[in-house]
Structure formats: C-alpha cells, structure tokens
Amino acid sequence: MDLDRRDLLLAAASTALLSSGIAHAAPDRPLGYAIVGLGMYGLGVIIPQFANCAHSRLAAVVSGDPAKARRVAAEHGLPESAIYSYETFDRIRDNPDVDIVYVCLPNSMHAEYVIRAARAGKHVMCEKPMAVSAAECVRMIAACKAANRKLMIGYRCHFEPFNLEAMRLARSGAAGRIRYVRSEHGFIQGDPSKWRLRRALSGGGSLMDMGIYALQAARYMTGEEPVAVQALESTDRTDPRFHEVEDQIDWQLLFPSGAVAGCKSMYSANQNHIIAVGDKGRIELEPATRYDGNHLWTGRDGREHETTSPPPGPGRTQFAGQLDHLAECIASGREPIVSGEEGLRDLRIIEAIYRSAREGRRIEL
Ligand code: NAD
C-alpha cells in the first residue's frame with residue numbers, strides 16, 4: 001500500500017476497527033478507584049486524570065503519609081473514611097465506594113498489594129512492570145482469578161492515539177512485511193538514593209523501568225511473540241547510581257516470521273523512539289511513548305509523511321482511556337486488552353534478557 005495515501009484510505013476503517021477492539025458496555029455509574037501510593041505517578045499523573053474520565057472516579061487514597069493523604073482527600077472531596085494507610089489497607093473490603101484498587105507503588109510491592117486487593121474483593125489495576133519476577137505475576141493472576149476479580153496492567157500506550165495508529169498501520173500492511181523493529185527508551189537518572197536504583201525495590205535497572213516500553217513496542221509492532229533473545233549489558237559499576245542495577249542493556253528478539261527487534265534501555269541518556277521497518281516502508285514514533293507530544297511518521301525510506309491527527313483514541317487522554325477501559329471491562333465481563341497475562345509475558349521475556357546478558361548466550365523462549 002502507498003504510505004502517502006494511507007491516512008485517507010484507512011482512517012475511517014481504523015476508527016471502527018479500534019473501537020470494535022476496545023469499546024465495551026459502559027458501567028451504569030462511574031466506578032470508584034483507590035489509588036495506592038501517592039508518588040509522582042499515582043498523585044502527579046493519575047489522580048488528575050479522573051477529570052477526563054467518563055466511567056471512573058477517585059474513591060479512596062492509600063498512603064504511608066497521613067498528612068499528604070488528608071490533603072489529597074480534602075482536595076478531591078473524599079471523606080475521612082476514604083483514607084487508608086498500608087496497615088489499614090485490608091479494611092478497603094468494607095468500602096462499597098471502591099470497585100478498583102490501582103497499585104502505583106515501587107515494583108517489588110506490586111505483588112503484595114495486588115494480592116491483598118483481590119482478597120479484599122476488589123478489581124485491580126497494577127502499574128508496570130507488573131512485578132519483579134514471573135513467579136510473582138503467576139501468583140497475582142491466580143489471586144485475582146480465585147477472587148473472580150479483573151486484573152489489568154497500566155500499559156497506557158495501548159490507549160495512546162499515535163501508538164494505536166502505529167499498531168494499526170503495522171497490522172494493515174502499510175509498511176509491507178515488518179522486517180525489523182528498533183526501540184530505545186531511557187532517561188538520565190540523577191539521584192543514587194531513588195528506589196529505582198535499589199534492586200530490592202525495583203527488581204532491576206533501566207530494563208524494568210524503561211526497557212519494558214521497548215519490549216512492548218517490539219511485540220505490538222510485530223504482533224508476534226519472540227522465540228529467542230540475545231542480550232548485552234554495559235554498566236559502569238563505579239558510578240554510585242549503578243552499584244545495584246544495570247544502566248545500558250541492549251537486546252535482540254527473534255520472531256517466528258523472521259522479523260528481528262533490536263531494543264535498548266538506559267539510565268544515562270535520554271531517548272524515546274520506536275521504528276518498524278517493512279519491505280515496503282517504515283512507521284516511526286519519536287518521541288514515542290511520552291505522556292503527550294508524541295509524533296508519528298511514515299515513509300518509504302525516510303520521514304516522508306507526518307500523521308498529525310490520528311483517529312481519536314478510546315479516551316480523552318491515554319490515561320483516561322486506560323482507566324475507563326477497566327471500568328468498561330468490569331461492566332461487560334470482558335478481559336482487559338492488557339491483562340495480567342500480558343504483564344506475565346513481558347516478565348518472562350525480561351527474565352530471559354537478564355539471563356542472556358549474564359550467561360552471554362542466546363536464550364530460546
Ligand atoms: P514514586 O517514588 O514517585 O512514588 C512511589 C510511591 O510509593 C510514593 O508515594 C512512596 O511514598 C510510596 N512508597 C511506599 N513504600 C515505599 C518504599 N518502601 N520505598 C519507596 N516508596 C515507597 O514512584 P513513581 O514514579 O510514582 O512509580 C510508581 C510505580 O508507577 C512504579 O511501578 C513505576 O514503574 C510506575 N510508573 C509508571 C509510569 C507509566 O507511565 N505507566 C510512569 C511512572 C511510574
């Protein structure tokens with residue numbers, strides 16, 4: 001297909017296609033979320049997004065800082081009874097205003113709070129990476145299944161209009177047969193005392209935090225599951241930031257079609273990029289996975305056409321789309337498009353990437 005004409009030819013079809021994949025029955029009232037962890041993401045990014053939601057609202061906060069919790073609750077008109085500490089968290093089972101618990105804690109705490117939320121009878125949204133090991137992911141999925149509750153992972157890019165358009169283009173054959181994907185994700189970590197640099201809390205370095213975007217991109221741009229991985233790590237262990245976790249890690253994924261993905265993450269340089277190259281053209285996002293301001297280009301062998309207005313996504317923002325998707329899935333009984341199983345797939349591959357880097361050999365998946 002001619003890439004220069006693809007907007008006109010496919011825009012109408014894409015809206016229908018995307019909405020058929022994502023739109024669900026709406027709940028008869030907005031479902032209540034409890035946000036666990038009032039840090040940069042939970043407080044700074046997610047809580048303000050309820051203003052953009054149609055089917056979701058803030059119903060409770062869970063924090064280790066009582067003054068902060070009281071301030072946030074007051075700002076959002078929540079009663080005292082909607083404030084929990086980590087110690088009183090399990091009492092959330094008695095709060096009918098809370099339908100969903102959203103875990104925005106350091107990675108190593110995800111498993112405990114997802115399992116406690118499910119046991120309290122609540123549906124769960126869990127931030128990425130789902131956990132610090134595949135074994136934890138298996139336990140989290142089992143706990144949600146046993147409680148008959150939904151589990152979704154905070155993979156917001158599946159609700160971001162430019163990423164959705166890039167996925168659709170890749171699937172439509174607009175760039176021909178995808179031969180390779182490249183994706184690099186990183187940012188400069190400054191403070192060595194941050195939990196992201198403490199293995200016990202993060203489970204790993206740039207791969208767990210940013211590399212997971214590159215891994216996701218490799219999977220959603222090819223639409224395939226990798227069969228083998230080969231990785232190489234490069235970290236200056238004398239740098240106080242990197243005593244416990246990796247800085248740069250590069251890895252290649254081999255897919256059943258013969259497509260290859262070359263991915264990279266780092267904590268010592270800023271980069272945010274995805275490109276899928278096929279035998280008829282290319283699809284490129286840069287920045288690719290930011291909160292806003294992402295750009296999408298297509299072309300035969302360069303950035304020939306910029307898509308400035310992709311078909312509208314499933315929400316007013318990627319975050320609102322994500323929050324409302326789980327509410328709609330609960331109302332309709334459908335599985336989230338980014339379920340616990342999706343998070344588990346990534347953790348299995350991440351473990352293989354680390355193992356490949358450690359053992360210096362290709363790992364079959
Ligand atoms: P943060 O450090 O800003 O916030 C973490 C919160 O957890 C804080 O409120 C902190 O008080 C609390 N906490 C409880 N116990 C803690 C402990 N032992 N050590 C440190 N903090 C503790 O981190 P963040 O950036 O908000 O990240 C939280 C989660 O959200 C992570 O899993 C991260 O990967 C994810 N995240 C996702 C995105 C995204 O775009 N999807 C963006 C940023 C962060």
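For region 196-218, the set of residues classified as under 16 Å from the mean Cα position of the chain (by Cα) and charged (D, E, K, R) consists of 209 only. Being in contact (Cβ under 8 Å) with a residue 24 or more places away in the chain and touching a Leu at 6+ places or on another chain (Cβ under 7 Å) is a description that does not apply to residue 279.
Of all residue pairs spaced 6 or more apart or on separate chains, those with beta-carbon atoms under 6 Å, a first member in region 112-136 that is more than 14 Å from residue 151 (Cα to Cα) and a second member that is within 10 Å of the ligand (Cβ to nearest atom) are 132/107; 132/108; 132/203. Working only within region 333-365, note down all residues that are polar (S, T, N, Q) and assigned by TED's automatic domain parsing to the domain that holds residue 225. Of everything in region 333-365, just one residue is polar (S, T, N, Q) and assigned by TED's automatic domain parsing to the domain that holds residue 225, namely 356. Considered as a group, the residues in region 305-355 that are of a type in the set (Val, Ile, Thr) and under 20 Å from residue 210 (Cβ atoms) include one that is nearest to the chain's Cα centre (by Cα), and that residue is 338.
Quick one: which residue in 233, 160 is open to solvent by less than 50 Å² (accessible area, probe 1.4 Å) and either within 14 Å of the ligand (Cβ to nearest atom) or modelled with pLDDT of 95 or more (or both)? Result of the check over 233, 160: 160. Residues of region 70-93 that are in a helix (DSSP H, G or I) and open to solvent by 40 Å² or more (accessible area, probe 1.4 Å): 70, 71, 74, 75, 80, 81, 90, 91, 93.
Working only within region 227-242, note down all residues that are closer than 23 Å to residue 361 by Cβ and assigned to a loop (DSSP other than H, G, I, E, B). Correct list: 227, 235, 237.
Taking region 285-306 as the search range and keeping residues that are touching a residue at least 60 places away in the same chain (Cβ under 8 Å) and touching a His at 6+ places or on another chain (Cβ under 8 Å), which one is surrounded by the fewest Cβ atoms within 10 Å (Cβ to Cβ)? By that ranking, first place goes to 299.
Among the residues of region 49-67, none is identified as closer than 19 Å to residue 86 by Cβ, of a type in the set (D, E, K, R) and more than 12 Å from the ligand (Cβ to nearest atom). The residue list 330, 349 contains one member that is closer than 17 Å to residue 145 by Cβ, in contact (Cβ under 8 Å) with a residue 12 or more places away in the chain and β-branched (Val, Ile, Thr), which is 330.
Scanning region 309-334 for residues that are at pLDDT 95 or above, of a type outside the set (Lys, Arg) and in a loop (DSSP other than H, G, I, E, B) yields a count of 2.
A quick yes/no check of all residues on (1) surrounded by 24 or more Cβ atoms within 10 Å (Cβ to Cβ); (2) within 16 Å of the chain's Cα centre (by Cα); (3) within 16 Å of the ligand (Cβ to nearest atom):
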| site | (1), (2), (3) |
| --- | --- |
| 112 | no, no, yes |
| 118 | yes, no, no |
| 137 | yes, yes, yes |
| 145 | no, no, no |
| 169 | yes, no, no |
| 178 | yes, no, no |
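The values are calculated or read from the model by the stated rules, or taken from the named source; none is laboratory data. From a predicted model like this one, the values you see are computed outputs, not experimental measurements. Cβ: placed from backbone, ideal geometry, glycine included. Neighbour counts: every protein chain shown. SASA here: full protein model, heavy atoms, side chains in, ligands and nucleic acids out. Shrake-Rupley method; radii C 1.70, N 1.55, O 1.52, S 1.80 Å.
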